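Down below is the structure, laid out as structure tokens.
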Amino acid sequence: MTTIGAKENVTAIEPLLRLLSRYMPLDEADRAALSGLMVGTLLQREARTDIAREGDKPTVIRLLVSGWACRYKDLPDGRRQIVGFFLPGDFCDLNVYILSELDHSIGALTDVRYFEIQPHQFQEVIDARPHLTRALLWHELVTSGIQREWLLSIGQRSPLERLAHLFVELYYRLRAVDLVDDLAFDFPITQHHLAEANGMSLVHLNRTLQELRRAGLIELADRQLRIVDLDELKRVAMFKRSYLHFNR
């Protein structure tokens, strides 16, 4: 655990502030209200460990500050399906604390840092800041839209279309929080994670990656993904970015 002060915490939650500002402008009072929730302890978790497990009683709201995490479901025999990626600036289920128990698990794919916010403190802030509440609701609607696109990919897109769509989506989500350099971004997850997220075997996943490489659409090396031809990758994926609702 790392204890940080007010100035450091503004830097830590900058991805969240950038993300919410893509939906609607935030004034200084909104930004200060969010920052005020997160002065204190910044938690850390190592890669390949769980942040929360299915069946746990949710008592806090978690905000991912750095690293990548995932929402997943698993079967008794150990098979796992990743059903969502959490990137810096994402809440890990904003309203989950109203439930009696979690119906999914949250795992750290890389080393991560995150805040835990007490629900009553969060409620006090959004009650006092209706404009901020609207931005947070917008964020939750986008999360639901992403889930629908993932379901469409698993059910109807071909493996090539599915992987292309995920790469374009991650590009836009990371660009929204200023974590893209031109068309390249850190890509710290493994082929195993990609296979679990896309419903593919490792062999099929590797074959599909090679197909995207041979087509000159992506370069993936040294834990970095570079999109070589964004327009063509979007065409292959049949990607429509409207579900992300980035207005700014």
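The values are calculated or read from the model by the stated rules, or taken from the named source; none is laboratory data. Computed from a predicted structure; not experimentally measured. Using ideal geometry, Cβ is built from the backbone for each residue, glycine included, and neighbour counts are taken over all protein chains shown.
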- Could you grab the pairs with beta carbons closer than 6 Å, sequence gap of 6+ or different chains, first residue in region 34-45 and assigned by TED's automatic domain parsing to the domain that holds Cys92 and of a type in the set (S, T, N, Q), second one modelled with pLDDT of 90 or more and surrounded by 16 or more Cβ atoms within 10 Å (Cβ to Cβ)? Gln44/Arg113
- Note on the structure: Checked against (1) exposed (fewer than 14 other Cβ atoms within 10 Å of the Cβ); (2) of a type in the set (Gly, Ala, Ser); (3) closer than 20 Å to Pro15 by Cα, Ser158 satisfies every condition except (3)
- Restricting attention to region 107-121, which residues are farther than 22 Å from Leu174 by Cβ and touching a helix residue (DSSP H, G or I) at 6+ places or on another chain (Cβ under 8 Å)? Pro119
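Each row is one residue, and each column tells you yes or no for (1) loosely packed, with under 15 Cβ neighbours inside 10 Å; (2) touching a Gly at 6+ places or on another chain (Cβ under 6 Å); (3) farther than 15 Å from Ile189 by Cβ; (4) not assigned by TED's automatic domain parsing to the domain that holds Ala176.
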site	(1), (2), (3), (4)
Pro58	no, no, yes, yes
Ala69	no, no, no, yes
Asp77	yes, no, yes, yes
Gly89	no, no, yes, yes
Leu94	no, no, yes, yes
Tyr97	no, no, yes, yes
Tyr114	no, no, yes, yes
- Message: Looking at the structure I just gave you, is Leu163 closer than 19 Å to Trp68 by Cα and either surrounded by 13 or more Cβ atoms within 10 Å (Cβ to Cβ) or touching a residue at least 60 places away in the same chain (Cβ under 8 Å) (or both)?
- Response: yes
- If you scan region 54-77, which residues turn out to be at positive phi and more than 18 Å from the chain's Cα centre (by Cα)? Gly55
- Task: Give, as residue ranges, the strands (runs of 3 or more DSSP E) completely inside region 39-127 that count at least 1 residues that are farther than 20 Å from Leu166 by Cα.
- Result: 40-45, 49-52, 61-66, 69-74, 105-108, 112-117
- Residues satisfying the stated conditions in region 122-151, i.e. exposed (fewer than 13 other Cβ atoms within 10 Å of the Cβ), touching a helix residue (DSSP H, G or I) at 6+ places or on another chain (Cβ under 9 Å) and farther than 20 Å from Arg22 by Cβ: Asp127, Ala128
- Query: Among (1) under 16 Å from Gly89 (Cα atoms); (2) assigned to a loop (DSSP other than H, G, I, E, B), which single condition is Arg22 missing?
  - Reply: (2)
